[in-house]
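One structure is given below, encoded as structure tokens.
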Amino acid sequence: MAAKLKKGDKVVVLAGKDKGKQGEITTVMPKDGKAIVDGVNIAIRHTRQSQENQGGRLPVAKPIDLSNLALVDANGKATRVGFREEDGKKVRFAKTTGDVI
């Protein structure tokens, strides 16, 4: 199945404790059906000090399910993603505005 959401897409959270928050996708895990969104689903991880990092209580973005994310269209609202062919290429488009993503 084609990826409706990709790395770099601006998305809004539809459900959960961060409902309504917006962010950019930094990582997509298609096998798990999850994505990591910058500034969303933050958890505090206690890490031991080492040569690489300072240690302490570090905020880490945890994966969120793709079904709880929606793409943000040009108007700043959540939209679904559709596919169509233009000039022999398959492109993604926003269902609300019809604009190519």
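The values are calculated or read from the model by the stated rules, or taken from the named source; none is laboratory data. Worth saying up front: this structure is predicted, and the values here are computed from it rather than measured. Here the Cβ positions follow ideal geometry from the backbone for every residue, glycine too, while neighbour counts run over all protein chains shown. These accessible areas exclude ligands, DNA and RNA; they are computed on the full protein's heavy atoms, side chains included. Shrake-Rupley method; radii C 1.70, N 1.55, O 1.52, S 1.80 Å.
Per residue, the chain exposes 70 Å² of accessible surface when a 1.4 Å probe is rolled over the protein heavy atoms with every protein chain present. Projecting label points 7 angstrom from Cα along Cα→Cβ for HIS46 and ASP32 puts them 2.3 nm apart.
Cut-off 17 Å, label point 7 angstrom out along Cα-to-Cβ of LYS95: give me the residues of region 3-19 whose amide nitrogen falls inside. In region 3-19, the label zone of LYS95 (backbone N under 17 Å from the point 7 Å along Cα→Cβ) covers 3-6, 11-15.
How much of the accessible area of region 1-62, in percent, comes from carbon and sulfur atoms when a 1.4 Å probe is used?
The nonpolar share, carbon plus sulfur, comes to 50 percent.
Here the chain is treated as an ellipsoid with the same Cα gyration tensor; its semi-axes, largest first and in whole Å, are 32, 15, 11. For the chain, modelled as a GNM with alpha-carbon contacts under 10 angstrom, which of GLY55, GLY23, GLY76 fluctuates the most? Checking each option, the largest mean-square fluctuation is seen for GLY55. Which residue fluctuates the most in the chain, going by a Gaussian network model with Cα springs under 10 Å, if the choices are LEU71, LEU14, LEU58? Highest fluctuation of the listed residues: LEU58. Shown here for region 46-78: trypsin sites (Lys or Arg not before Pro) in loop regions (DSSP other than H, G, I, E, B) with at most 10 other Cβ atoms within 10 Å, namely ARG48.
For LYS77, a cut-off of 20 angstrom between C-alpha atoms picks up these lysines, skipping any fewer than 8 places away in its own chain: LYS4, LYS6, LYS7, LYS10, LYS17, LYS19, LYS21, LYS95. Each distinct pair of alpha carbons in region 31-83 adds a 1/r term; the inverse of their mean, the Kirkwood radius, is 13.7 Å. Considering all different alpha carbon pairs of region 3-60, the Kirkwood hydrodynamic radius works out to 13.0 Å. When you filter the GluC sites (Glu not before Pro) in region 31-101 for DSSP loop state and at most 13 other Cβ atoms inside 10 Å of their Cβ, you are left with GLU52. Among ASN68, ASN53, ASN41, the largest mean-square fluctuation in a Gaussian network model of the chain (Cα springs under 10 Å) belongs to ASN53.
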